[in-house]
1. Name the pairs whose Cβ atoms lie under 6 Å apart, with the first residue in region 110-124 and over 15 Å from Pro136 (Cβ atoms), the second open to solvent by 60 Å² or more (accessible area, probe 1.4 Å), and 6 or more positions between them or separate chains?
2. Filter region 31-48 down to residues that are at pLDDT 85 or above and part of a loop (DSSP other than H, G, I, E, B), then give me how many there are.
3. Open to solvent by 100 Å² or more (accessible area, probe 1.4 Å) and at pLDDT 80 or above: is that true of Leu61 in this structure?
4. Anything in region 142-166 that is in contact (Cβ under 8 Å) with a residue 24 or more places away in the chain, surrounded by fewer than 19 Cβ atoms within 10 Å (Cβ to Cβ) and under 18 Å from the mean Cα position of the chain (by Cα)? List them, or say none.
5. List the number of the failed condition for Phe83; all other conditions in (1) part of a loop (DSSP other than H, G, I, E, B); (2) at pLDDT 85 or above hold.
6. Restricting to region 14-58, what's the tally of residues that are open to solvent by 100 Å² or more (accessible area, probe 1.4 Å), under 17 Å from Glu103 (Cβ atoms) and either touching a strand residue (DSSP E or B) at 6+ places or on another chain (Cβ under 7 Å) or charged (D, E, K, R) (or both)?
7. From (1) farther than 23 Å from Met33 by Cβ; (2) open to solvent by less than 70 Å² (accessible area, probe 1.4 Å), pick out the condition that doesn't hold for His128.
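The values are calculated or read from the model by the stated rules, or taken from the named source; none is laboratory data. Worth saying up front: this structure is predicted, and the values here are computed from it rather than measured. Using ideal geometry, Cβ is built from the backbone for each residue, glycine included, and neighbour counts are taken over all protein chains shown. Heavy atoms of the whole protein, side chains included, go into the accessibility calculation; ligands, DNA and RNA do not. Shrake-Rupley method; radii C 1.70, N 1.55, O 1.52, S 1.80 Å.
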Amino acid sequence: MAARTKAGSTARLYKDLQRNMYRAANAAMRKTMQYAKETAKETTSFQDRTGELRKSIQAGLTVEASPTWPMVTGALSAGYDQFGYTDPTGRHVSTSVYAPIVELGTTKKNYPIRPNRALALYAQGWAHPVPAVLHPGVRPHPFLWPTMMQITSQQVLGQTLEAALAGLYP
């Protein structure tokens, strides 16, 4: 009878340990991704005229179930779909669909831009309308990748996880 009770309490302790470690890892990843989001929003690698690109920077977690241990993954992203999203207050928010272009640049160089409806293009300061112009392409201004590399090199997740685990088992 004593052996059965001891085995039951050991299994319960193991389950508690597993649950507490998962919670600590989840909390550490959440704090790390929040730090990554704030760091990415503070970047000066691009000029954000409207503020939409900075507003679109988000951090999140995904949890993948596993028979032995759930996997927690952090993600940092910018931009949403072309239609925007609804914030928690129910207000529709437009989003930055050009975030990948800012981060990665464009691979096409000197591609023609032609008018859709008009016969020619014209801009203030031009001498006369033109049938087409050549776009020089956009150079990349990475802001997400450097943030993730900075967080990795600073070992932010490891430090946050150590602090969380130290709080569980002093």
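1. Ala120/Pro129; Ala120/Pro131; Tyr122/Pro129
2. In the first step, residues of region 31-48 are kept if they are at pLDDT 85 or above; the result is 31-47.
Right, trim to part of a loop (DSSP other than H, G, I, E, B) and you get 42-47.
Of the residues in region 31-48, 6 are at pLDDT 85 or above and part of a loop (DSSP other than H, G, I, E, B).
3. Working: open to solvent by 100 Å² or more (accessible area, probe 1.4 Å): no; at pLDDT 80 or above: yes.
For Leu61, the condition - open to solvent by 100 Å² or more (accessible area, probe 1.4 Å) and at pLDDT 80 or above - is not met.
4. Filtering region 142-166 for residues in contact (Cβ under 8 Å) with a residue 24 or more places away in the chain gives 142-148, 150-151, 156-157, 160-161, 163-165.
With surrounded by fewer than 19 Cβ atoms within 10 Å (Cβ to Cβ) added as a condition, the list becomes 142, 145-146, 148, 150, 156, 163, 165.
Listed by number, the residues that qualify are Pro142, Trp145, Pro146, Met148, Gln150, Val156.
5. With (1) part of a loop (DSSP other than H, G, I, E, B); (2) at pLDDT 85 or above applied to Phe83, the lone miss is (2).
6. In the first step, residues of region 14-58 are kept if they are open to solvent by 100 Å² or more (accessible area, probe 1.4 Å); the result is 14-15, 19, 23, 30-31, 42, 44, 47, 49, 55.
With under 17 Å from Glu103 (Cβ atoms) added as a condition, the list becomes 42, 44, 47, 49, 55.
Going one step further and asking which of them are either touching a strand residue (DSSP E or B) at 6+ places or on another chain (Cβ under 7 Å) or charged (D, E, K, R) (or both), we end up with 42, 49, 55.
Result for region 14-58: 3.
7. Failed condition: (2).
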